[in-house]
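Trainee: Take a look at this one; I'll ask things after.
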């Protein structure tokens with residue numbers, strides 16, 4: 001076997017790694033071996049949290065809708081609102097309802113009155 | 001919170017500022033309904049298949065003002081002159097109306113003159129006129145047209161601007177101590193459409209807006 005020096009193969013790989021970990025704190029952006037580990041952890045967290053993000057935002061929307069709906073009347077809440085929504089066969093999802101609640105609250109009141117009838 | 005970065009100001013005056021939403025997931029709520037798009041090509045019209053996505057689509061929905069970009073450019077050239085004239089002139093009036101439309105399994109709040117990113121519309125090419133039929137809600141300054149489930153005969157007209165890909169997402173699967181790791185990159189195809197108008201809702205029973 002001819003002798004082969006490894007040259008810059010490893011260095012090229014590690015520069016990409018360095019770029020990825022460039023915003024990490026302390027040794028996690030300076031030391032190569034810890035950078036590889038932290039990169040793995042970062043990517044795994046990102047993957048897992050992309051799934052969680054969907055859940056988180058749905059929770060946020062529900063909380064927001066609930067807050068606005070409670071102001072609408074006594075003994076009226078998110079669960080009744082959603083129940084009425086389905087009874088009247090509306091298709092608006094929670095994301096849109098939360099946005100409307102945030103920005104155009106009178107529109108949400110209109111919807112909720114319309115549903116209550 | 002990411003949601004705090006949403007700064008769409010849909011105040012009761014319907015002022016149209018830049019809409020910056022970092023929301024990246026969409027809700028696949030509608031197993032009930034299938035989105036349908038009409039492509040008005042000169043040769044033939046046909047329904048296009050659509051794909052689904054998460055509660056926050058990987059699209060960064062940042063419907064920007066095409067015009068505000070132009071205004072910014074002008075201001076950088078002539079600062080003094082345009083500052084005075086902007087105050088004096090009215091910004092070009094848009095119809096103060098919005099609609100909630102369902103495209104690609106997701107729902108969007110839509111304004112005429114803005115663009116948004118949707119799932120890739122397979123049979124659309126650039127500069128195609130598109131008609132979106134699933135209009136769930138139309139809101140004007142005084143009235144709201146609430147669809148049960150759809151506002152009948154309401155249509156949103158749009159133009160396909162661009163068929164591209166989302167930013168790359170690295171899907172990294174890893175199991176510690178089991179020598180298992182998979183590194184995959186993914187770019188979701190998307191379509192950028194610009195909304196030109198919202199029509200056809202006038203006949204539908206309207207509900208007057210309740211004052212806040």
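What follows is calculated from the coordinates using simple rules that are stated; it is not laboratory data. Note that the structure is a prediction, hence the values are computed from the model and not measured. Because the Cβ atoms are built from the backbone with ideal geometry, glycine has one as well, and the counts that use them run over all protein chains shown.
Trainee: Partner chain Cβ atoms within 10 Å, averaged over the residues of A:104-115 - can you pull that number for me?
Mentor: 6
Trainee: For a footprinting-style exposure proxy, rank A:44, B:135, B:160 by other Cβ within 10 Å, fewest first.
Mentor: Numbers: A:44 16, B:135 25, B:160 19.
Exposure proxy ranking, most exposed first: A:44, B:160, B:135.
Trainee: Among A:81, B:98, A:20, what is the fewest-to-most ranking by other Cβ atoms within 10 Å?
Mentor: Exposure proxy ranking, most exposed first: A:20, A:81, B:98.
Trainee: Further question on the same structure: For B:165, B:136, A:17, A:43, which order do you get if you count the other beta carbons within 10 Å of each Cβ and list the fewest first?
Mentor: Listing B:165, B:136, A:17, A:43 from fewest to most nearby Cβ atoms yields B:165, A:17, A:43, B:136.
Trainee: By how many degrees, between 0 and 90 and to the nearest 10, does the Cα long axis of helix A:78-87 differ from the longest principal axis of chain A?
Mentor: Roughly 70 degrees, rounded to the nearest 10.
Trainee: Please determine, in degrees from 0 to 90 and to the nearest 10, the orientation of helix A:9-20 with respect to the longest principal axis defined by the Cα atoms of chain A, where the helix direction is its Cα long axis.
Mentor: The angle comes out at about 30 degrees.
Trainee: To continue, here is another question. I'd like the mean, over residues of A:39-48, of how many other protein chain beta carbons sit within 10 Å of each residue's own Cβ.
Mentor: 4
Trainee: Can you tell me the alpha carbon radius of gyration of region A:6-116 divided by the globular rule-of-thumb value 2.2 N^0.38 Å?
Mentor: 1.80
Trainee: Here's something else I'd like to know. What is the mean number of Cβ atoms from other protein chains located within 10 Å of the Cβ atom of each residue in peptide B:174-186, rounded to a whole number?
Mentor: The shielding value for this peptide is 1.
Trainee: Against the longest principal axis of chain A, how steep is helix A:105-116, in degrees 0 to 90 to the nearest 10, with axes from Cα atoms?
Mentor: Rounded to the nearest ten degrees, it is 60.
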